[in-house]
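Report on the following structure.
The values are calculated or read from the model by the stated rules, or taken from the named source; none is laboratory data. Everything quoted here is computed from the prediction, not taken from an experiment. Cβ sites come from the backbone with ideal geometry, for glycine too, and all protein chains shown count toward neighbours.
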Amino acid sequence: MKKILTVLLVSIGITSFAQTTINPDTVCVNAVGEQYFVTNTPTSTYQWTITGGGTLQTGQGSNSITVDWGAVGGLYPNAVEVIESNAAGCPGSPVLIDVFVLDLSGNPIGPFCTGDPTTTLVGNPAGGTWTGTGVVANAFQPSSAGVGNYVLTYSMAGCTTTINVVVNSGPVTGPIQHY
Amino acid sequence: MKRLFTILLLVLSLTSYSQCVSNQSYTITPAGPYQPGDVVTVNYTLGTFTQLNINWIIAFQINLGAGWTNPQPIITPGNPGGSAGYWMWDLQNTYPSGLNFGPGWRFVNTGFNPDWGTGSTGPFTMGFNVTVDQTCTPDNLSISMNVIGDCLTGGWNNGACCSDPAYNIYNGVVQIPPIITSNINHY
């Protein structure tokens with residue numbers, strides 16, 4: 001059991017060091033505590049610069065920092081920059097990464113009646129996935145959901161946004177009478 | 001006549017460049033090239049010091065390029081059959097002649113300037129450590145030794161071979177290791 005645990009820990013370690021972030025990096029609007037790092041050289045220091053609405057929170061000088069991102073979405077070129085200096089204070093070349101701050105939104109729909117037809121759900125930017133009660137293939141089926149208030153979630157690249165949907169009961173019509 | 005004059009010049013030339021010191025040798029470890037922070041050990045031996053016109057040996061001057069720092073003595077020269085006194089490690093001393101000495105060892109007879117050195121003819125073996133300074137530029141790392149007689153320091157004004165050339169031990173510059181930063185990763 002101990003050996004299995006050791007192998008597992010080693011595997012996790014290897015995985016974390018092998019991780020390579022694709023440029024541009026994608027984060028969610030208002031994300032907090034996002035960690036960025038480069039491989040550490042113990043005798044080096046690291047000067048980080050954050051732009052694009054981000055704020056460096058912790059770790060300046062070290063090889064690993066945390067960043068809080070702002071509320072404005074968009075693509076920010078070279079939003080994270082680091083310059084490594086060796087023990088003599090000699091600076092290396094800047095290393096940069098672009099950041100795409102992802103701001104998701106969903107078009108509001110409804111209110112519905114239970115008999116209403118299926119309505120396609122639209123998220124911005126397109127390409128994400130809708131989930132929730134009554135959602136089938138990125139479309140909302142009031143008849144499947146039934147009467148009630150629902151929260152539908154739109155997800156993409158680890159970010160989410162929600163919309164509220166109301167399904168009302170239809171009028172109850174009595175039998176046709178003949179005076 | 002012309003040939004004789006040429007030979008005379010040649011003899012004078014050889015004499016003026018190697019009058020007092022002979023059988024010099026050294027070791028330097030580790031071998032270069034060197035990077036900032038490297039510590040290098042130099043051992044130097046002067047086999048024989050020939051006293052011309054009673055010019056006595058008084059100092060061993062270590063010449064260091066600008067890329068070196070923190071010279072530290074580890075082996076003090078001996079004084080076989082020499083005069084009373086001792087070899088003192090010194091980083092800087094200005095002799096009465098105006099000679100600016102240091103770092104290195106200088107012989108102290110009385111501690112009063114001008115001293116007159118030791119009558120020993122060697123051999124003299126000494127060693128020191130020196131460190132490559134932190135730098136971002138390929139600074140000079142030359143090392144050489146000068147043997148100084150007291151005719152250079154003001155202790156004796158009738159000496160000869162007062163300008164033996166420096167004995168070269170190392171030539172090179174600081175090797176600046178490249179700084180290679182990995183790509184930025186995001187958890």
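A few remarks follow.
- Scoring B:ASN183 on the criteria (1) assigned to a loop (DSSP other than H, G, I, E, B); (2) modelled with pLDDT of 95 or more; (3) under 28 Å from B:GLY98 (Cβ atoms) leaves a single failure, condition (3).
- Positions within region A:32-78 being under 17 Å from B:THR181 (Cβ atoms) and touching an Asp or Glu at 6+ places or on another chain (Cβ under 6 Å), in sequence order: A:SER44, A:TYR46, A:THR49
- Residue selected from region A:32-60 under the condition more than 12 Å from chain B (Cβ to nearest Cβ) and in contact (Cβ under 8 Å) with a residue 40 or more places away in the chain, by the criterion surrounded by the fewest Cβ atoms within 10 Å (Cβ to Cβ): A:GLY53
- Applying the criterion of being polar (S, T, N, Q) and closer than 19 Å to B:TYR170 by Cβ to the residues of region B:101-133, the residue that is surrounded by the most Cβ atoms within 10 Å (Cβ to Cβ) is B:THR131.
- From B:PHE112, B:PHE60, B:PHE107, residue being in contact with an Asp or Glu (Cβ under 7 Å, 6 or more places away or on another chain), farther than 30 Å from A:ASN86 by Cα and more than 14 Å from chain A (Cβ to nearest Cβ): B:PHE107
- Residues within region B:123-173 that are assigned to a strand (DSSP E or B) and within 14 Å of another protein chain (Cβ to nearest Cβ), tallied: 2
- Boolean, B:TYR86 is more than 19 Å from B:ILE54 (Cβ to Cβ) and hydroxyl-bearing (Ser, Thr, Tyr): yes
- Criterion applied to B:ILE169, B:ILE179, B:ILE143 was being among the aliphatic types (A, V, I, L, M) and closer than 30 Å to A:GLN35 by Cβ, and the one residue passing it is B:ILE179.
- Filter result (part of a strand (DSSP E or B) and surrounded by 14 or more Cβ atoms within 10 Å (Cβ to Cβ)) within region A:61-73: A:SER64, A:ILE65, A:THR66, A:VAL67, A:ASP68
Each row is one residue, and each column tells you yes or no for (1) more than 14 Å from every other protein chain (Cβ to nearest Cβ); (2) over 30 Å from A:THR49 (Cα atoms).
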position	(1), (2)
A:ALA71	yes, no
A:GLY74	yes, no
A:PRO77	no, no
A:ILE83	no, no
A:ASN86	no, no
A:VAL99	no, no
A:LEU102	no, no
A:PHE112	yes, yes
A:THR119	yes, yes
